[in-house]
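*Asks:* Sending over a structure as structure tokens; questions will come in a sec.
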Amino acid sequence: MQKLMLLGDEAIALGAIDSGMSAIYAYPGTPSTEITEYVAHSREAKEKNILASWSTNEKTAMEAALGMSYAGKRTMVCMKHVGLNVAADPFINASITGANGGMIVVAADDPSMHSSQNEQDSRFYGKFAMIPVLEPTNQQECYDMVSYAFDLSEKYSIPVMMRITTRMAHSRAGVVRKPAREQNSIKLPVNLIQYVLLPGNARKQYKKLLGNQQSFFDESAASPFNKYFDGTDKSLGIITSGIAYNYLMENFQDNKLNFPVLKISQYPMPRPFVEKLISECKEILVLEEGYPMIEESLRGFLNNGIRIKGRMDGTLVFEGELNPTKVAAALGIPVPQIANIPEVVTNRPPALCSGCPHIDSYLALNQALDKYAKGLVFSDIGCYTIGALKPFESINSCVDMGASITMAKGAADAGLSPAVAVIGDGTFTHSGMTGLLDCVKHKSNVTVIILDNKTTAMTGGQPSHGDGHLFDIVKGLGVEEEHIRIFKPIRKNHDENYRIIEEELNYKGVSVIIPTRECIVETNKRMREKFK
Amino acid sequence: MKEDIILAGVGGQGILSIAAVIGSAALEIGMYMKQSEVHGMSQRGGDVMSNLRIADHEIFSDLIPCGKADLIISVEPMEALRHLPMLSHDGWLITNSTPFKNTLDYPDVDKIMATLEKIPNHIVIDADKIAKDLGSTMSANMVILGAACPFLDNVCLDIENGIRNIFGRKGEKVIKSNMDALKAGREYTTALLKKQTIKI
Ligand SMILES: Cc1ncc(C[n+]2csc(CCOP(=O)(O)OP(=O)(O)O)c2C)c(N)n1
């Protein structure tokens, strides 16, 4: 059978295309971006009329998916782990409304923070919402789980979560396809009050969710993705979650694994297997990629049950992703003596591309702020966050998308002046607009700089939703027209540009400056296409 | 039979093309393969690496265990050294000698070279110069891959075929310049090994 080499992300996308999905909604974010990219570029998806839609943020994506599901069709919504924070409100409430057409929420976690602000574990969100969570072990499972998850979602009228981590998302392996299924046609919910979460109905719906919990346990116990491998040596039982299973097996290529192993890939945890393992084994080792969720629930608050080893007792370090070497050490398997990184090696942090418009914006900003003390610039997430590093050192914060404007507001309220916010165009439409409205409403003394490079650069150049009408949006939110300033960030205009910033820093009210020039990577991409 | 390879370089230097060529050659002969990549933040001029694993049996981990890589193939000399903890005792390190200096504190190149010389099994090749002499500066990454080819022979990969698969869409001219680059790299290593009468 022909194997396709696919990233975990791509395998999920193809699985969705083959399972009768009608629409995928997403906001980009590493390591989840390639799922939606794959559908957007797939010829088959186009032929099948599958919608691939980049939303303004994760919340709007989640809600659009819920609407698609309401209409009876299968849908997937994808985001990185912190995106689920943004979408948490519709996500949790969707577990109460339930789904109609199959609905899968994909959350891609980033342990070790390769491209993220934290390493939060989305399985906790799944548990919080009390819905089934699937966690694939390899690329084939990524593909296979999607159709299974859609069926499960429709069987119980409940959104289902798929949780992956960076190494699953961004690693390729061979995947075999299965026959494709047709899409659903439009079919409204039988009970038209299902989605009305007025308290009276919300209580009913919540009861229904609670009533389904036992079935979710039963599904986990019968799941083809949860496996119990018995072993003769009961001195230790091992529980793995997701890709941790691979790191375990990697250490038993040449020698036989005699310990019983429970591989968990569907939650809630499969109770009968867990009971069997715990009753038969002297000690338990828990290997999970992420926070010690399984470990903590087995330990219980008083930690007076059986002996459990994992991230909480130091058998494995608490933070960071697992790898075969860490797992070997946890099992007491000797690891080869390794060389150190030679001393001459220095760090190579990411850098702004040569020709990047952000460089010129930061040079202008630095000069305009030269006469003030340091520490006045709140910023946000995107390529421009690199401006925190040498040689610019222009910005003083990066917390969550949109926080630049609102933090500047708070600091201005505290009396800091000037209080500057630097935010990308994509981040502004994601979560900055509401904060700017707060500033306008309270006439806050802030200078907001929206770096308009006409794209979502950091995640690979997805469309930027404010492109072409940022001025109108800002004006529409109520910023005075004479304090909305647009300039082109190029070296030649440096003097003019920094003076514009200087003028607005002096204005005691809301001003918005919009340096506008296309991302150099996108310009080069266009040129290459043109002269091909 | 297995080959565990660390590919290293700087974002934008083309290590994913090397991975794609080797991967395609491996698939062609029905080998198992896993390849993990770095996306996101680091692609902006930061250090990037890829774990590429090929075997005639099922591969579990997407990551190569520390100290067990058979090869480090790097398009940049300092990046080759960064991943030294991954290399096994009898593994080989193949690297470009042309530095990519995009940081303020890039170390003294002589020091890097001296450190590379101390590694038991290493091939250092000026791939940028060779590619330039061939008239295609863009194919330095294929020169490096060529220099690594003699070490891939034990897994019987037809790398030329991989190049045809990956660059086929771009036309004969692109295929040829990549083939020439590959050949030049391979000849460099073969000659070097012969001179030192090293058997691999
Ligand atoms: C809630 C959330 N969603 C997604 C991301 C991933 N992410 C980081 S930066 C970025 C895009 C920023 O685009 P823009 O503001 O236009 O800046 P640019 O990179 O183009 O300079 C995204 C999507 C994130 N960190 N947090």
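The values are calculated or read from the model by the stated rules, or taken from the named source; none is laboratory data. In this text, all values refer to a predicted model and were calculated from it rather than measured experimentally. Ideal geometry is used to build each Cβ from the backbone, glycine not excepted, and the neighbour counts take in all protein chains shown. What goes into the accessible areas is simple: the full protein's heavy atoms, side chains included, and nothing from ligands, DNA or RNA. Shrake-Rupley method; radii C 1.70, N 1.55, O 1.52, S 1.80 Å.
*Asks:* Taking the DSSP beta bridges in region B:2-195 as the whole, what percent of them are antiparallel, to the nearest 5?
*Replies:* Details: 14 of 27 bridges.
Close to 50 percent.
*Asks:* Find the all-direction average of the projected area of the Cα convex hull for region B:8-54, expressing the result in square nanometres with one decimal place. Write down the numbers at each step before the final one.
*Replies:* Working: hull surface 11.6 nm².
Taking a quarter of the hull surface, the average projection is 2.9 nm².
*Asks:* A further question on this structure: Restricting to region A:357-524, compute how many DSSP beta bridges are antiparallel as a %, nearest 5.
*Replies:* Working: 1 of 17 bridges.
The antiparallel proportion sits near 5 percent.
*Asks:* For region A:227-331, count the residues as N, evaluate 2.2 N^0.38 Å, and divide the Cα radius of gyration by that value, please.
*Replies:* Expressed relative to 2.2 N^0.38 Å, the Cα Rg reads 0.97.
*Asks:* Give me the net charge for the shell around A:N396: Cβ to Cβ below 13 angstrom, other residues only, Lys and Arg +1, Asp and Glu -1. Before the final figure, lay out the partial values.
*Replies:* Values: positive: A:K374; negative: A:D380, A:E393.
Summing Lys and Arg as +1 and Asp and Glu as -1 gives -1.
*Asks:* Report, as a whole number in µm² per second, the diffusion coefficient that Stokes-Einstein gives for chain B at 25 °C and 0.890 mPa s using the Kirkwood radius over alpha carbon pairs. Could you put the intermediate results ahead of the total?
*Replies:* Numbers: Rh = 16.8 Å.
The calculation lands on 146 µm²/s.
*Asks:* Follow-up. With +1 on each Lys and Arg Cβ and -1 on each Asp and Glu Cβ, how big is the dipole of region A:227-331 about its Cα centre, in debye rounded to the nearest 20? Walk me through the numbers on the way to the answer.
*Replies:* Numbers: 12 positive and 14 negative charges, 57 e Å.
Taking the Cα centre of region A:227-331 as origin, the dipole is about 280 debye.
*Asks:* Using the Cα atoms as the points, what is the convex hull volume per residue of chain A in Å³? Don't skip to the end; give the middle numbers.
*Replies:* Working: hull volume 107.1 nm³, N = 532.
In chain A, the Cα convex hull volume per residue is 201 Å³.
*Asks:* Here's something else I'd like to know. Which percent of the accessible heavy-atom area of the protein assembly as shown goes to carbon and sulfur, probe 1.4 angstrom? If you can, show how the numbers build up before the last one.
*Replies:* Numbers: 16590 of 30360 Å².
For the protein assembly as shown, the apolar C and S fraction of the accessible surface comes to 55 percent.
*Asks:* Over the Cα atoms of region B:138-191, what radius of gyration and what Dmax do you get, in Å?
*Replies:* In Å, with Rg to one decimal and Dmax whole: 10.7, 33.
*Asks:* Can you tally the net charge around A:D467? Count Lys and Arg as +1, Asp and Glu as -1, for every other residue whose Cβ sits under 13 Å from the Cβ of A:D467.
*Replies:* Details: positive: A:K454, A:R517; negative: A:D425, A:D452, A:D472, A:E518, A:E522.
Overall, the nearby charge balance is -3.
*Asks:* Moving on. Give the Rg (one decimal place) followed by the Dmax (whole number) of region A:357-524, computed from C-alpha coordinates and expressed in Å.
*Replies:* For region A:357-524, the Cα radius of gyration and maximum Cα-Cα distance read 14.1, 44 Å.
*Asks:* Between A:F229 and A:I186, what's the calculated FRET efficiency when r is the beta-carbon distance and R0 is 41 Å? Round to 0.05. Please list the in-between numbers first.
*Replies:* Values: r = 44 Å, r/R0 = 1.08.
The calculated FRET efficiency here is 0.40.
*Asks:* For chain B, modelled as a GNM with alpha-carbon contacts under 10 angstrom, which of B:E187, B:E58, B:E76 fluctuates the most?
*Replies:* Of B:E187, B:E58, B:E76, the most mobile in the Gaussian network model is B:E58.
*Asks:* Continuing with the same structure: With Kirkwood's inverse mean 1/r over C-alpha pairs for Rh, give me the Rg to Rh ratio of region A:1-107, two decimals please.
*Replies:* Working: Rg = 13.1 Å, Rh = 13.6 Å.
Result for region A:1-107 is an Rg/Rh of 0.96.
*Asks:* To the nearest Å, what is the center-to-center distance of region A:325-380 and region A:1-46, using C-alpha atoms only?
*Replies:* So the separation of the two Cα centres works out to 31 Å.
*Asks:* Separate question: With a bin width of 5 angstrom, please list the P(r) values of region A:3-211 as percents of all Cα-Cα pairs, from the 0 bin to the one holding the largest distance.
*Replies:* 1, 8, 17, 21, 22, 15, 9, 4, 1, 0, 0
*Asks:* With every protein chain kept in place and ligands, DNA and RNA left out, what is the accessible area per residue of region A:227-331? Probe 1.4 Å, answer in Å².
*Replies:* Result: 42 Å² per residue.
*Asks:* Based on DSSP, what percent of beta bridges with both residues in the protein assembly as shown are antiparallel, to the nearest 5? The partial results should precede the final answer.
*Replies:* Values: 27 of 91 bridges.
Taking every DSSP beta bridge with both residues in the protein assembly as shown, the antiparallel ones total about 30 percent.
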